[in-house]
1. Set the bar at 25 Å for Cα to Cα. Now go through Lys117/Lys161; Lys117/Lys160; Lys59/Lys161; Lys41/Lys181; Lys90/Lys160; Lys99/Lys135 and name every pair that lies beyond it.
2. Tell me, what is the per residue accessible area of the chain in Å², probe radius 1.4 Å?
3. In whole percent, what relative contact order does the chain give with Cα contacts below 8 Å and a gap of six or more residues?
4. Between Gln9 and Met235, what length comes free when the chain is fully extended (0.36 nm per residue of separation minus the Cα-Cα distance, one decimal in nm)?
5. Determine the relative contact order of region 41-98: mean sequence separation of Cα pairs under 8 Å and six or more apart, normalised by residue count, in whole percent.
6. Could you calculate the FRET efficiency of Lys90 with Lys181 from 1/(1 + (r/R0)^6), where r is the beta carbon distance between them and R0 is 25 Å, rounded to 0.05?
7. Counting only C-alpha contacts under 8 Å and six or more residues apart, can you give the relative contact order of region 163-251 as a whole percent?
8. Which whole-angstrom value gives the distance between the alpha carbon centres of region 219-251 and region 56-113?
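The values are calculated or read from the model by the stated rules, or taken from the named source; none is laboratory data. Since the structure is predicted, the reported quantities are computational estimates derived from the model, not experimental observations. In this analysis, Cβ positions are derived from the backbone assuming ideal geometry, glycine residues included, and neighbour counts consider all displayed protein chains. We work out accessible area using only protein heavy atoms, side chains counted, and drop any ligands, DNA or RNA first. Shrake-Rupley method; radii C 1.70, N 1.55, O 1.52, S 1.80 Å.
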Amino acid sequence: TSNEFRKLQEAWKESGPVPRSKSEEIWNRFRNACDAFFTRKRAHFEEMDQAKAKNLEAKEALCQKLEAMDFDPQDPESVKEVKAAIEEWKSIGMVPKEKVDAVWDRYSAILDKFAEKRASVDPEFQKIASEAKAKKVSMISTVTALVETAGSNESADTVKKLQSDWRELPRTGAEEQELFKKFRSACDDFFNRRRDQLDIQEQARENNLQNKLRLCEEAERLLENLTEETRREAMNVVKQLRRHWKEIGAV
């Protein structure tokens, strides 16, 4: 909507004058409409910023609560309390962009410590964590291998599915953050390469378009100069143009 308003403002500048008697009236009407939109837009983002600040306070308070907890991995109630805190974290919305990594690292360090303690006394949990680690290592390798085919929609769908699957897997303990950073870096590399490859594909399609337009122009000139004497030669040229058209890729 912001872009549409800017286009309207540019169109206003390019439009001609109106009768002097109506000039101020029509200008005030247009300006008031624009001002109303951008005022509401500023208010919307200010409200979002305030909500993000409150979310940050909530996440920091939750971290403080977890850090103060005397976690006993053999106590079902203690484990249940940690699980409830994890669900509470998920329910809290976004925080200011500049604080995302810091609060996430703090939260992750706490959970990894809990997971490490639980794995040391719970063989079943240790098995789950080990299986999760193996899956995550495999997922990192898969994303890394897909970088060369990042322009493919199928590869992009696979990476997005892996990102979703990663969030559903249990934490692995002390190695979790290192694994997550490797996975995130691999995903970032993939989508950066994807943007580059799509840009290259789009440029190739533009080049194909120009080549096909030139063939159209040649065919049109051929038609304009067509006579009974040049018909046979023209047919040979048409065959060549058709062959060249098929050789050119998508536009």
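1. Values: Lys117/Lys161 30 Å; Lys117/Lys160 32 Å; Lys59/Lys161 27 Å; Lys41/Lys181 35 Å; Lys90/Lys160 19 Å; Lys99/Lys135 29 Å.
Those over the limit are Lys117/Lys161; Lys117/Lys160; Lys59/Lys161; Lys41/Lys181; Lys99/Lys135.
2. On the way: 18060 Å² over 251 residues.
That works out to 72 Å² for each residue.
3. Values: 146 pairs, mean separation 39.3, N = 251.
Reported relative contact order: 16 percent.
4. Working: separation 226, 0.36 × 226 = 81.36 nm, distance 5.31 nm.
Length difference between fully extended and current span is 76.0 nm.
5. Values: 28 pairs, mean separation 31.2, N = 58.
Once divided by the residue count of region 41-98, the mean separation gives 54 percent.
6. On the way: r = 20 Å, r/R0 = 0.82.
Working from the Cβ atoms, E equals 0.75.
7. Values: 21 pairs, mean separation 35.4, N = 89.
With pairs under 8 Å counted, the relative contact order is 40 percent.
8. Centre-to-centre distance over Cα atoms comes out at 71 Å.
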